[in-house]
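Read the structure below first, then the notes.
No value in this document is a laboratory result; all are computed from the given coordinates. This is a predicted model, so every value here is computed, not measured. Virtual Cβ from ideal backbone geometry, glycine too; neighbours counted across all protein chains shown.
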Amino acid sequence: MRRYSRITGTGSYLPPRRVTNDDFVAQLAEKGIETSDQWIVERTGIRARHFAERDVASSDLALEAARKALEAAGITAEDIDLIIVATSTPDMVFPSTAAILQGKLGIHGCPAFDVQAVCSGFVYALTVADSMLKSGVATRALVIGAEVFSRILDYSDRTTCVLFGDGAGAVVLEASDEPGILACDLHADGRHVDILCVPGNVYGGQILGDPLLKMDGQAVFKLAVGVLEKAARATLEKASMTESDIDWLIPHQANIRIMQSTARKLKLPMEKVIVTVDQHGNTSAASIPLALDHGVRAGQIKPGQTLLLEGVGGGFAWGAVLLKL
Ligand code: ACO
């Protein structure tokens, strides 16, 4: 019998501190940085984001999201035999945030590792988990996107600091006789490293280079809309399906205009797109599982429906996962 993997539970967590555009505009004004709610909403669709406190790490957010996903799947942490965390804001240089999370979940022994593919991290992690479940390496995985991007923002750069937020989303992925994940499509193009990066690194206990996020917004925008359409079409083709088979598009929540453009190219009405960027901002690897859980818990996304998840970001890296819930 063919082996597949299926999502059996979703969960998410946002740190309690919610910062609206007006709050943020006032905070930035104190530093002499000028922006406005109108500019942010018009260019990005973002109205609010959540920021974690200083002593809260990605693994803390991941833990809360994981607990909710486990509860939704009706299993406990002891049932998990694989943990993959997608993050670009790990708790430490090493060990992995996944290993730290494993300890916080009170389990031990199963493989646990991080995936670093920035805003595509969750679709990368889901694809890796799907392969490991299909090949019999594991049977029940926790796949998580968790970020504290607030730590790597340059609050003197108004073109980037207004875009991002913190949060975590998780799914339980279980081996199954029925699909499940139907097709995946992953890509990267290292020629574009410089358009979106945190270039600093640690050398001899000191930070060399700039440790804060740098982005060429227009270059990112142009590349993103092109590759998202290609990845969507490639994934549908692999599953012998078409755009009309998609019940929900769950794109990386970076910017409402990128999402609108992708939906337009795929001839999908915005009513079929899960949008959380307005309330969450861009939470990088966490944005897709956060949006998925939001849609499930709001009763929009229902069992049996077909979902297309799409990620894009630093690398440049991008990809899509087509699945039946
Ligand atoms: N408030 C007010 N004005 C601003 C702000 C701000 N926060 N930021 C920039 N501006 C000004 C600029 O200074 C510029 O002024 P000027 O014309 O006087 O020079 C003007 O607004 C236009 O600036 P642009 O950078 O050209 O603005 P653009 O329309 O390109 O919008 C944005 C910028 C929103 C970043 C856009 O390029 C974009 O959405 N890019 C995609 C970025 C993205 O989604 N990144 C994440 C994807 S990958 C990942 O998730 C990691």
- What spacing in nm lies between the two simple spin-label points modelled at residue 22 and residue 92, each 7 Å away from Cα in the Cβ direction? 4.3 nm
- Task: Would you mind telling me which residue in 309, 70, 208 has the biggest mean-square fluctuation in a Gaussian network model of the chain, where springs connect alpha carbons within a distance under 10 angstrom?
- Result: 208
- Query: Near the amide H of residue 273, under 5 Å away, which other amide H atoms are found, from residues 5 or more places off or on another chain, if H is placed in the peptide plane?
  - Reply: 249
- Query: How many nm is it between the label spots at residue 297 and residue 33, if each spot is 7 Å from the Cα in line with the beta carbon?
  - Reply: 2.8 nm
- Note on the structure: Listed by chain and number, the residues whose amide H is under 5 Å from that of residue 9, excluding neighbours fewer than 5 places away on the same chain and using placed H, are 172
- Query: Given charges of +1 on the Cβ of Lys and Arg and -1 on the Cβ of Asp and Glu, with all other atoms neutral, how large is the dipole of the chain about its Cα centre, in debye to the nearest 20?
  - Reply: 620 debye
- Which ³J(HN,Hα) values in Hz, rounded to whole numbers, follow from the phi angles of segment 144-161 under the Karplus curve 6.51 cos²θ - 1.76 cosθ + 1.60, where θ = phi - 60° and Gly and Pro get x? 9, x, 9, 8, 10, 5, 4, 7, 10, 8, 9, 6, 9, 10, 5, 6, 10, 5
- If each part is reduced to its alpha-carbon centroid, segment 37-72 and segment 285-303 end up apart, in Å, by 14 Å
- How far apart, in nm, are the 7 Å Cα→Cβ label points at residue 240 and residue 53? 5.5 nm
- Message: In whole Hz and in residue order, list the ³J(HN,Hα) couplings for segment 19-32 that follow from phi through the Karplus curve 6.51 cos²θ - 1.76 cosθ + 1.60, θ = phi - 60°; x for Gly and Pro.
- Response: 10, 6, 4, 4, 4, 5, 4, 5, 5, 5, 4, 4, 9, x
- Message: Can you compute 3J(HN,Hα) from phi for each residue in segment 103-115, using the Karplus curve 6.51 cos²θ - 1.76 cosθ + 1.60 with θ = phi - 60°, rounded to whole Hz and x for Gly and Pro?
- Response: x, 5, 6, x, 10, 7, x, 7, x, 8, 7, 9, 10
- Distant-in-sequence amide H partners of residue 116 (H built 1.01 Å from N, under 5 Å): none
- Message: Test of the criteria: in segment 26-96, which GluC sites (Glu not before Pro) are in a DSSP loop and have at most 11 other Cβ atoms within 10 angstrom of their Cβ?
- Response: 34
- Task: Would you work out which of 128, 80, 70 lies farthest towards the positive end of the dipole of the chain? Charges go on Cβ: Lys and Arg +1, Asp and Glu -1.
- Result: 128
- Along the dipole axis of the chain (charges at Cβ: +1 for Lys and Arg, -1 for Asp and Glu; origin at the Cα centre), the most positive-end residue among 181, 287, 40 is 181
- Message: Under a Cβ-only charge scheme (Lys and Arg +1, Asp and Glu -1), can you give me the dipole magnitude of segment 181-324 about the Cα centre, in debye to the nearest 20?
- Response: 220 debye
- Message: With unit charges on the beta carbons (Lys and Arg positive, Asp and Glu negative) and the dipole taken about the Cα centre of the chain, which residue among 172, 303, 113 sits farthest to the positive side?
- Response: 303
- Message: Rounded to the nearest 20 debye, what is the charge dipole size of segment 4-176 about its Cα centre when +1 sits on each Lys and Arg Cβ and -1 on each Asp and Glu Cβ?
- Response: 240 debye
- Per-residue ellipticity at 222 nm for the chain, helices alone: DSSP H runs ≥ 4 residues times -39500 (n - 2.57), over residue total, nearest 500 deg cm²/dmol? -10000 deg cm²/dmol
